[in-house]
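Student: Would you mind keeping the following structure in view while I ask a few things?
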Amino acid sequence: MQMLRYAHYFVLAGVALLVLETLVEYRASLAPAVVFTDLTLDLSAGYAPDAAATAALPPLPAEPTKAPAQPKPATRRKRRPTTLLAEPYAGAPSTFPGSRFEDLAEHEVQAKQWLVFQQSGGFNNQRIILERALRICKLLKRTCLVPPAGRHSSMFKNYNRLDADEIIAMDRVLDFGLLQDYQEAVPSALRFEDTLPILQKAFPESTQWHVIEQSRAERKKTPLGYENITALAANPASVIYIAGPTMWQRFAPGFDEEVHPYIRYAPFFRAISLDLARSLRLGRHYICVHSRPSDHGEKWEARMANNTPPALPMEHSNAAAAAAAAAAATTAANVTASGGSVSHSNTVEGGNSSAINVPTAPPTPKVRHANGFSTKYLPSDDAIADPGTYLQREIWLAIAEAGLDANLFRRVYIATKPNINRQLFANITAGRSDMRVYLSGDMPPRVSAALAAVFPRPEQVRLQNDILGIVEQLICARAFVYIGFSGSSFSEYIARMRREPMRNLIVGELGQVW
């Protein structure tokens, strides 16, 4: 009898365990899967929609029909989050685990072999130059002296003229904890022209310096190659200084690709971009468009007038997609799809136009130039006068090509110049009253205040507007549908982040991408 009683207890325990396992499996089946759709549209030469594509364009999705309203029980409205995810990183603190260059003692400076390089351009060009410099340092086994990030400057001389209110230490913008895993680098918060005298004091002899400087003409005539760089490994100079515009060259195909996994934005910017997405209630299914007034329109149209052949689209997720892209590269517009990735590409080799170009003034007459027929704005009248209608066409065509449900998409974020006239984009939502368009001006006060705290002085407004582009890049990287240019360093970095969202978008222990 005693044994029968214990057997009864064992049976009951087994049944309870079976029920518990069933409940756990059922709950797991309800958990949403994390899916990241990389839908990237490259509209490099797409000033006007392709005629055939426009003819085949599906009708504009109708607004979803609404069932007759039913009385609902009184419920409390869900409030927007009151705590910012960026609060632990308030003020964009340094991510560098050591002392900045200006805080090193002279003997610490003298103990290292340095590579110093000249920065230039907007922030994304500065990031590219840094990636190339890190690759050189890796090859030469040198410590990289990293200048601060500065507001947009068209040439290296203009970068050097930036004052203290127009720069921010790079270790506050990029994650130096990750960067240090690739190569030793020491950031500086000083103006570049205030950094060089410290090095000159530590290394006063001319034999301790090796300076490389090429003009633009010299760079084109005899570009530095991989062999030129690796030959410097035997150079005994304490400082190798790559001066002037010399860094703005590729050195070799794929030269800096191995650096890419070690470059990402600092936690503050990753967190505040997620705060912005949550505060605007963008949700998971939103569209993001990169659109800025162009300063390169003439270069693009000159290339188009010269019938420059289209290049391969942006890098695809696998070899099969790349082969398909190569097979279709002779067409003026091509669409390739593979593995859940869609790329709509109209690309001109070597172009550097920034995005969907919109006018900042009334359209100017077309002018004949020595190197081709060109104008500062889009050649298509509707794209000039009404970029909203133009973008609407491209958005719905892309969604139809991808086989997506158009009614899922009710939010559009446009990454563009601050304070731009939003009426330029009004017709993006024509015929869809359930859709909303957001720009940086819609940033909620508590989010904008957290960003403004990084730049407390009025003289830093221009720098803040430039750094705002980082937040918008991250917003675009999280978007379900993204539209941009493969010729733009801004857009190309967005595409790079989208390829590896778990590394580039996650913030600390939050574990949130969307």
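Student: Please give the helices (runs of 4 or more DSSP H) falling wholly within the stretch 163-258 in which 1 or more residues are surrounded by 19 or more Cβ atoms within 10 Å (Cβ to Cβ) and under 22 Å from the mean Cα position of the chain (by Cα).
Tutor: Values: elements: 176-179, 192-202, 216-221, 226-230.
Ranges flagged: 176-179.
Student: Looking at (1) open to solvent by less than 30 Å² (accessible area, probe 1.4 Å); (2) modelled with pLDDT of 95 or more, which is the only condition Ser153 fails?
Tutor: (2)
Student: Another question, then. Within the stretch 193-239, which residues are aliphatic (A, V, I, L, M), closer than 16 Å to Phe255 by Cβ and free of Cβ contacts under 8 Å to residues at least 40 places away in the same chain?
Tutor: Filtering the stretch 193-239 down to residues aliphatic (A, V, I, L, M) leaves 196, 198-199, 202, 211-212, 217, 224, 229, 231-234, 237, 239.
Imposing the further condition that a residue be closer than 16 Å to Phe255 by Cβ reduces the set to 212, 224, 229, 231-233.
Within the stretch 193-239, Ile212, Leu224, Ala231 meet the criteria.
Student: Of all the residues that make up the stretch 90-142, how many are touching a helix residue (DSSP H, G or I) at 6+ places or on another chain (Cβ under 7 Å), small (Gly, Ala, Ser) and within 28 Å of Ala231 (Cα to Cα)?
Tutor: 2
Student: Now for a separate question. Going through the stretch 113-139 one residue at a time, which ones are among the aliphatic types (A, V, I, L, M) and open to solvent by less than 10 Å² (accessible area, probe 1.4 Å)?
Tutor: Once the filter is applied, which keeps residues that are among the aliphatic types (A, V, I, L, M) and open to solvent by less than 10 Å² (accessible area, probe 1.4 Å), the stretch 113-139 yields Leu115, Val116, Ile129, Leu130, Ala133, Leu134, Ile136.
Student: Would you pick out the residues in the stretch 458-507 that are touching a helix residue (DSSP H, G or I) at 6+ places or on another chain (Cβ under 6 Å), more than 20 Å from Glu394 (Cα to Cα) and at pLDDT below 85?
Tutor: The one that is touching a helix residue (DSSP H, G or I) at 6+ places or on another chain (Cβ under 6 Å), more than 20 Å from Glu394 (Cα to Cα) and at pLDDT below 85: Val507.
Student: On to the next question. Against the condition over 20 Å from the mean Cα position of the chain (by Cα) and of a type in the set (A, V, I, L, M, F, W, C), how does Leu134 come out, does it pass?
Tutor: Values: over 20 Å from the mean Cα position of the chain (by Cα): no; of a type in the set (A, V, I, L, M, F, W, C): yes.
No.
The values are calculated or read from the model by the stated rules, or taken from the named source; none is laboratory data. Note that the structure is predicted; figures quoted are calculated from it, not measured. All Cβ positions, glycine included, derive from the backbone under ideal geometry; neighbour counts span all protein chains shown. Ligands, DNA and RNA are stripped out before the accessible areas are found, and what is left, the full protein with its side chains, is counted by its heavy atoms. Shrake-Rupley method; radii C 1.70, N 1.55, O 1.52, S 1.80 Å.
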